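> One structure follows; several queries about it will come next.
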Amino acid sequence: MCTAAVYKTKDFYFGRTLDYDFSYGEEVVITPRSYAFHFRNAEVMERHYAVIGMAHVEGDYPLYYDAVNERGLGMAGLNFVGNAQYRKAVQGKDNVATFEFIPWILVQCATVREARERLARLNLTEDSFNRDLPVAQLHWIIADREETIVIEAVKEGMKIYDNPVGVLTNNPPFGQQLFQLNNYMQLSPKEPRNHFSEKLSLRSYSRGMGALGLPGDLSSPSRFVRAVFTKMNSVSGNSEAESVSQFFHILGSVEQQRGCCEVGDGKYEITVYTSCCNADKGIYYYTTYENRQITAIDMQKEDLEGNQLIKFPLVQGEQIKMQN
Ligand SMILES: C[C@H](CCC(=O)NCCS(=O)(=O)O)[C@H]1CC[C@H]2[C@@H]3[C@H](O)C[C@@H]4C[C@H](O)CC[C@]4(C)[C@H]3C[C@H](O)[C@]12C
């Protein structure tokens, strides 16, 4: 399971949790403007926007999981198993393999509006990167500081949803996720009043009872409601430290601890990493399951005119600050 979210204070923040039972060996990767991007069904792109994000690099190719570009557009892929359906390449369309989708959008679009124009001609193809890395069944969130959308390629074709809550998890399809929020409209960060019966003197006996009924389990629909409730009611200062800290707290509401979600053979799903990108400044912050100290990489400190990928292996192991 995974959860992605957007958050706006003075700057615009975009990030996700990556929940899984193993890691593909990801690292933070900057693709500079002159890295020659080869696409299966399109011309090689020699010049483009620079991108920073989490990726598994295979044969010098950045297979991004989530990323933002230097114009402040963010995009992430999350599991959509059993619902995602891709097609063969067709003439007259922009045929893009799913592993190319994040860079294809981010290297050439500055805004969601521009991405929408590209999406109108898009056909997501079933090509795999290679035999060892089969096609991942995903859906995607794309966001800038103005708007957020979700893209799902399903049996009926490609669907583009407006996402007014700025959160995405996994199954079921996004329309159903959004609809289930109707079931929770009575939840509140405020102290509850007795609407149960005027004949009973019911009272609130603990803080937090306004959100009684907020689902606490790790299923994707429950994480969706929990992340939306936390994000929509979130209050923080505007500074970078306050915003980043609050962003990690929002995603902390849906993180997974080893042992609570068994996936078989003594394996458990955990929050492998959590990311928070300041999309305006191009700073990628992350924590990992093994290292809860926030680590940051600022793309503006690198030579973005280059033609080689710039890779940052994740800092692992708890960094505990001894105070005495
Ligand atoms: C497993 C990841 C999604 C995590 C997630 O959503 N978990 C939820 C589990 S559940 O079903 O909802 O229970 C996805 C997100 C991005 C994916 C990777 C990216 O798409 C990049 C390449 C794409 C290649 O086709 C496969 C390897 C891969 C390197 C992918 C491996 C894996 O499928 C990743 C890492």
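> Across the range 172-190, what is the total count of residues that are open to solvent by 100 Å² or more (accessible area, probe 1.4 Å), assigned to a loop (DSSP other than H, G, I, E, B) and not basic (Lys, Arg)?
2
> Would you tally the residues in the range 220-264 being open to solvent by 50 Å² or more (accessible area, probe 1.4 Å) and of a type in the set (Lys, Arg)?
Residues in the range 220-264 being open to solvent by 50 Å² or more (accessible area, probe 1.4 Å) and of a type in the set (Lys, Arg): 1 in total.
> Something else now. Got a sec? Which of Ile142, Ile160 is among the β-branched types (Val, Ile, Thr), open to solvent by less than 30 Å² (accessible area, probe 1.4 Å), in contact (Cβ under 8 Å) with a residue 12 or more places away in the chain and not in a loop (DSSP other than H, G, I, E, B)?
On the way: Ile160 fails: open to solvent by less than 30 Å² (accessible area, probe 1.4 Å).
Going through Ile142, Ile160 in turn, the sole match is Ile142.
> Name every residue in the range 60-91 that is open to solvent by 20 Å² or more (accessible area, probe 1.4 Å), touching a residue at least 24 places away in the same chain (Cβ under 8 Å) and not in a strand (DSSP E or B), in order of residue number.
Asp60, Glu70, Arg71, Val81, Gly82, Asn83, Gln85, Tyr86, Lys88, Ala89, Val90
> May I pose another question? Output the residue which, of all residues in the range 116-139 that are in a loop (DSSP other than H, G, I, E, B), open to solvent by 60 Å² or more (accessible area, probe 1.4 Å) and not polar (S, T, N, Q), is nearest to Tyr65 (Cα to Cα).
Filtering first and then ranking leaves Pro134.
> Name the pairs whose Cβ atoms lie under 6 Å apart, with the first residue in the range 312-323 and closer than 10 Å to Glu290 by Cβ and of a type in the set (Val, Ile, Thr), the second open to solvent by less than 90 Å² (accessible area, probe 1.4 Å) and at pLDDT 95 or above, and 6 or more positions between them or separate chains?
Within 6 Å, the pairs are Val315/Asn291; Val315/Thr295.
> Separate question: Would you please name the residue that is most open to solvent (accessible area, probe 1.4 Å), looking only at residues in the range 40-58 that are within 15 Å of the ligand (Cβ to nearest atom) and modelled with pLDDT of 95 or more?
Glu58
> Taking the range 97-115 as the region of interest, how many residues are open to solvent by less than 10 Å² (accessible area, probe 1.4 Å), in contact (Cβ under 8 Å) with a residue 60 or more places away in the chain and assigned to a helix (DSSP H, G or I)?
Within the range 97-115, residues that are open to solvent by less than 10 Å² (accessible area, probe 1.4 Å), in contact (Cβ under 8 Å) with a residue 60 or more places away in the chain and assigned to a helix (DSSP H, G or I) number 2.
> Out of all the residues in the range 147-191, which are more than 15 Å from the ligand (Cβ to nearest atom) and within 17 Å of the chain's Cα centre (by Cα)?
Listed by number, the residues that qualify are Glu147, Thr148, Ile149, Ile160, Tyr161, Asp162, Asn163, Pro164, Val165, Gly166, Leu178.
> Name every residue in the range 86-107 that is of a type outside the set (Ser, Thr, Tyr) and within 15 Å of the ligand (Cβ to nearest atom), in order of residue number.
If the condition is that a residue be of a type outside the set (Ser, Thr, Tyr) and within 15 Å of the ligand (Cβ to nearest atom), then Val96, Ala97, Phe99, Glu100, Phe101, Ile102, Pro103, Trp104, Ile105, Leu106 are the ones that fit.
> If you don't mind, there's one more thing I want to ask. Would you pick out the residues in the range 83-125 that are touching a helix residue (DSSP H, G or I) at 6+ places or on another chain (Cβ under 8 Å) and either among the charged types (D, E, K, R) or within 21 Å of Asp280 (Cβ to Cβ) (or both)?
Correct list: Asp94, Ile105, Gln108, Cys109, Ala115, Arg118.
> Here's a follow-up. Within the range 262-281, how many residues are of a type outside the set (Ser, Thr, Tyr) and touching a helix residue (DSSP H, G or I) at 6+ places or on another chain (Cβ under 6 Å)?
1
> Residues in the range 191-214: is at least one in contact with a strand residue (DSSP E or B) (Cβ under 9 Å, 6 or more places away or on another chain), open to solvent by less than 90 Å² (accessible area, probe 1.4 Å) and in a loop (DSSP other than H, G, I, E, B)?
no
> For Asp217, state whether it is modelled with pLDDT under 95, charged (D, E, K, R) and surrounded by fewer than 16 Cβ atoms within 10 Å (Cβ to Cβ).
When the stated conditions are applied, Asp217 does not pass them.
The values are calculated or read from the model by the stated rules, or taken from the named source; none is laboratory data. Because the structure is a prediction, the values reported are computed rather than measured. Neighbour counts are summed over all protein chains in view; Cβ atoms, including those assigned to glycine, are modelled from backbone coordinates with ideal geometry. Accessible surface is based on the protein model in full, side chains and every heavy atom, while ligands, DNA and RNA are left aside. Shrake-Rupley method; radii C 1.70, N 1.55, O 1.52, S 1.80 Å.
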